[in-house]
Each structure stands twice: as C-alpha cells, then as structure tokens.
Amino acid sequence: MRFPTEPGLFGSGGSTGRPGSVFGGQANRSEHTLYDCEVDGDIPDDLDGAFYRVGPDPQYPKPKGLEHDIAFDGEGHASMFRIQNSHVDYLSRWVKNERWQRQHKARKSLYGVYRNPYTDDPSVRGKFRGTQNTQVWYHNGRILAMKEDTLPAALDPHTLETLDGNYKFDGKLKSQTFTAHPKNDSQTGNLLAFGYEATGLGTTDISVFEIDKKGKTIWQAMVKAPYCSEIHDYAITEKHIIFLVYPLAYLGEELMKKGGVHWGWDSTRDTYLGVMRRGGDGKDIQWLKGPQTMCTHTMGCWTDGDMVYVDMDGGDANQFPFFPSPNPNDRFDPVKATGRVRRFSMDASKKTVRPFDMKVMYGQYSGGLARQDDRYHTVPYRYGFMIGGGPGGGGWLRFDHQTGKVNTFNPGPDSSLSEMCFVPRRKGAPEGDGYLVGICSRAKENGRSDLLIVDAQHMEDGAVATIKLPYRAAPQVHGFWVPGDQLPPVKA
Ligand SMILES: [Fe+2]
C-alpha cells in the first residue's frame, strides 16, 4: 500500500509526512508500548493519573477518485501517558471499531469521504462508519473515544483495548450521535452530552441528555435546530443548555449523493444561540439571532440569575478552508477566521425576540482549542486556556478573567504544541492550581514528540518535566486527564 505524495491529499506523505501540518500531516499507523519513558527535569512526586489523547490516523489511502478526502476522516488512534511515582509509561492503540476491523481484513480503505456514506464501497453500505477520532473522556470505568457523527467507542483505561466499538450506555439514548465535547456536572460528576443530526444524516434534531456515573440515562430531551449545522461543542450551566448554530451547514442529500462534502460555509444563513432549561422537555428552547461567528470550543459558561454567559474561541466567519462554500462570495478569509475569546451573553427570562450579545475579549490574543479546569464545567470559573499567540509570543495561553492578565508558555524554536489539558496539583486544589500537560512536536527531529508538564502558575519558567518519546506520538485533536484515584484497579 502507498499514500499519495502530492500535498493536501488524504494521508499525504504517509509515514514521512510533513511535520507541522494538520495532526502532524502523516500517517502514523504504528501502535506503541513504551515502559518507563526517559524524563528530563522532575515529575512532581504526587502527580498521579493518566493523560489520554486521540486523533485521526489514516489506516489506508483512499481509493482513486476519493484522495481529496480531508484529514478529519482518519481512523481514531488513542494514546495514553500513565504518570505515577515519577515514572511514565506510554501506550498507543487504534480504536478498533467495526470500520477499522473491516478495513484491516480487506487491507484497504472501504469507507469513502468524511461523513458521506454515499461514497462508501458497496460491501460496507449501511454499516457502522464512525472514526471516533476527536476526544477521549473517562466515564464509568471506560475511556470513551468520540466523534460527533456516531456513538462513542469504549476502551479499557489501562490497555486501550477496544471493549465496544459502538457503545450505547444503557441502551436508552434516543440519539444516534454523541458529541466529542461532553461535560462533567461539577456537583454530581454525571456525564452531560448531546448529539446533533440525532435521528439521521442531515436532520435538524438535537438530542440532549444526562447520564449518571453508572451509565444510566437519567434525563433526555429532543429539540429542533433552525437548520442542520455543525454543533461541535455546547455549553451547559447549572440551569441552562446553550447551542451555537453557525453557517457551516449541511448542503443537502443531492450533493452528498454526488460525492460532495458534508459541510459548506453559507453566509446567507443566520447565526443563532439556542437556550433551554436543563431537565425539562426542551419545549422552552429559544433561538436568539446574533452576529455571524464560527466558534468551535467552549472555554467556560455559567448562569447568573436570568443571565447566561458562554465563553468560546472563534472567528467572524468560516475557520475551516477545506469545507467549500455554495456561494461564490464566501471565499475563505483568514482575517475573519482568526479565533479569539468571545463572550456570549443572553437573558434567558425574556419572552420577546431579541438578539444575543457577543463581545471579543483579549483582542491581542488569537488561537483556538479553548479549555478550562475541567472541574469547573457548568459553574462560574476564573481561568481559561487556549493554544495560540499574542504579545508574549506563541504557545499555551492562560487567561485570568478576574484580573484580565494573560500568561504564555512558549516551547522555544522549532517546536509546536498540541492542545494542553489542565491537571489539578492535588485533589481539592483551588481552581487553576496545577499543571498543563500536552505534546510538543520537534520540527528538526522529524516531528519527534515530548510530553511537557508545565506549572500553570509559573508558565513563563518553562516545563518542569519533559517526557521524551523516541518517535512521534500518535496524532491528537484533544486530550483528557484522569486522576489516578478515579481509575479502576489494574487487572492481575
Ligand atoms: Fe473539538
């Protein structure tokens, strides 16, 4: 088998790749086990937990005529850094769902292009086609590997073995899909999530639900979006649920049947925030129009009386140039695409039609992949994180919403960072007191990877520890930290 060499095609460059491009720009394809990694610096003695990651990794090149497929369609490859007693073990395994198994057996790609089942090989028509390559989460003793167009895969938290490639929880969910960006309830630890295109391809149904710590569905509702658009992330406070609908829209079945792309930026469509009460039947949902934007990730959110606030990273227009536009005037604009922290606010009490408000914050800083201290989902928060750049250079950014101060961790020359994850210094540590962990890719070493541990309160001091891999880590979109005391015991 051979990947194309021409840039911009699916899996371009194969294993040699082009360091620095999307997800490393190469096919990784190799599962690794590395016991006791080399470490520079000092891993904090009491740091105990596992950093999980997942990203798209092309299992096979696409067949002739479908080579233009986008990197988002790579098969999920999960990895884990287990940190305990100042030692680190690294593991990476494919998400071995039905799609992976079928292609493995056939030794070729059988599934067509990104989220277009009409392009699949006849032998797999109507079969499970998920990639589960976007984010990992820990729930009820399992690692969930997720992508927003199917249900998750459940992986063993110690071995990353795929336990169930199409995990249905208690079987009660009415949704066919599950977001890559669920949240944790700060009080109960329940899993809060939603699925859009919940009843099938191109549908406007959004299913929203809450699952308890044992995997039982305890609440769900179905609501209608104004149109079918990419709802990559959402926000859920103690009282409200908020969806952002922006003009990256489903372009219709006819186009899909011709082999087209799932999404296109259509600026003639409105931007909406939908706000509904948590725990109800969803009939109260209100769709408020506002300024055009495309925001992919929620940094934090909260309800204050009747006011609802949501912070996201995003731009004024399409941020994904690889999705075409149906309108000739909607050419990709890199200035409008630049992501900044945006604060949405809305009054959930009013019953009259009114717009939502959107304010750009920290205007000198741009970037994306916003995160927070994950213990503060649903409640007021102080610290947000993002990968990007500003007056302090490029790197991981920490925003202090109380003081307005921004701190930067810069990885140095010829180095590029993946999204980081915040790790509390110890159980019960105050918000923001802890570490940032994430991958740094070294361009002059063919993209070799280090895992960095940075003190979140002393970011300018550099990494406290560098965990060195002898190769590129498996690809990553997002990552998730699980404290050691939450992991199940290792089976003998
Ligand atoms: Fe995401």
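The values are calculated or read from the model by the stated rules, or taken from the named source; none is laboratory data. Because the structure is predicted, anything quoted here is derived from the model rather than measured. Note: ideal-geometry Cβ built from the backbone for every residue, glycine included; neighbour counts use all protein chains shown. Areas reflect the complete protein model, heavy atoms only, side chains present, ligands, DNA and RNA absent. Shrake-Rupley method; radii C 1.70, N 1.55, O 1.52, S 1.80 Å.
Tabulated values for the structure
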| item | result |
| --- | --- |
| Residue count, the stretch 103-150 (criterion: in a helix (DSSP H, G or I), in contact (Cβ under 8 Å) with a residue 24 or more places away in the chain and more than 11 Å from Glu75 (Cβ to Cβ)) | 4 |
| Selection count, the stretch 272-302, where residues are closer than 19 Å to Asp185 by Cβ and open to solvent by 20 Å² or more (accessible area, probe 1.4 Å) | 4 |
| Residue match in the stretch 154-175 (condition: in contact (Cβ under 8 Å) with a residue 24 or more places away in the chain and within 16 Å of the ligand (Cβ to nearest atom)) | no |
| Any hit, the stretch 279-298, residues being out of contact with any Asp or Glu (no Cβ under 7 Å at 6 or more places or on another chain), within 16 Å of the ligand (Cβ to nearest atom) and within 16 Å of Val341 (Cβ to Cβ) | yes |
| Residues (at positive phi and open to solvent by less than 30 Å² (accessible area, probe 1.4 Å)) located in the stretch 413-433 | Gly432 |
| Any hit, the stretch 388-402, residues being surrounded by fewer than 20 Cβ atoms within 10 Å (Cβ to Cβ) and within 16 Å of the ligand (Cβ to nearest atom) | no |
| Any pair with Cβ under 6 angstrom, 6 or more apart, that starts in the stretch 455-480 at a residue that is within 16 Å of the ligand (Cβ to nearest atom) and ends at one that is of a type in the set (D, E, K, R) | Pro475/Asp57; Gln476/Arg53; His478/Glu419; Gly479/Arg53 |
| Top-ranked residue of the stretch 244-271 - restricted to ones that are of a type outside the set (D, E, K, R), touching a residue at least 24 places away in the same chain (Cβ under 8 Å) and closer than 12 Å to Met294 by Cα, ranked as most open to solvent (accessible area, probe 1.4 Å) | Ser267 |
| Sole residue being at negative phi and touching a His at 6+ places or on another chain (Cβ under 6 Å), chosen from Ser79, Ser92 | Ser92 |
| Residues of the stretch 159-201 that turn out to be on the phi > 0 side of the Ramachandran plot and surrounded by 16 or more Cβ atoms within 10 Å (Cβ to Cβ), as a count | 3 |
| Condition broken by Ala348, with the remaining ones in (1) surrounded by fewer than 18 Cβ atoms within 10 Å (Cβ to Cβ); (2) touching a strand residue (DSSP E or B) at 6+ places or on another chain (Cβ under 6 Å) satisfied | (1) |
| Top-ranked residue in the stretch 351-387 [being open to solvent by 20 Å² or more (accessible area, probe 1.4 Å) and acidic (Asp, Glu); ranked as nearest to the ligand (Cβ to nearest atom)] | Asp374 |
| Residue among Asp42, Asp89, Asp57 that is surrounded by fewer than 24 Cβ atoms within 10 Å (Cβ to Cβ) and out of contact with any Phe, Trp or Tyr (no Cβ under 6 Å at 6 or more places or on another chain) | Asp42 |
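Every residue, every condition in (1) at pLDDT 95 or above; (2) part of a loop (DSSP other than H, G, I, E, B); (3) within 16 Å of the ligand (Cβ to nearest atom); (4) aromatic (Phe, Trp, Tyr), yes or no:
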{"site": "Phe178", "(1), (2), (3), (4)": "yes, yes, yes, yes"}
{"site": "Gly189", "(1), (2), (3), (4)": "no, yes, no, no"}
{"site": "Phe194", "(1), (2), (3), (4)": "yes, no, yes, yes"}
{"site": "Thr199", "(1), (2), (3), (4)": "yes, yes, no, no"}
{"site": "Ser207", "(1), (2), (3), (4)": "yes, no, no, no"}
{"site": "Lys213", "(1), (2), (3), (4)": "yes, yes, no, no"}
{"site": "Ile218", "(1), (2), (3), (4)": "yes, no, no, no"}
{"site": "Ala221", "(1), (2), (3), (4)": "yes, no, no, no"}
{"site": "His232", "(1), (2), (3), (4)": "yes, yes, yes, no"}
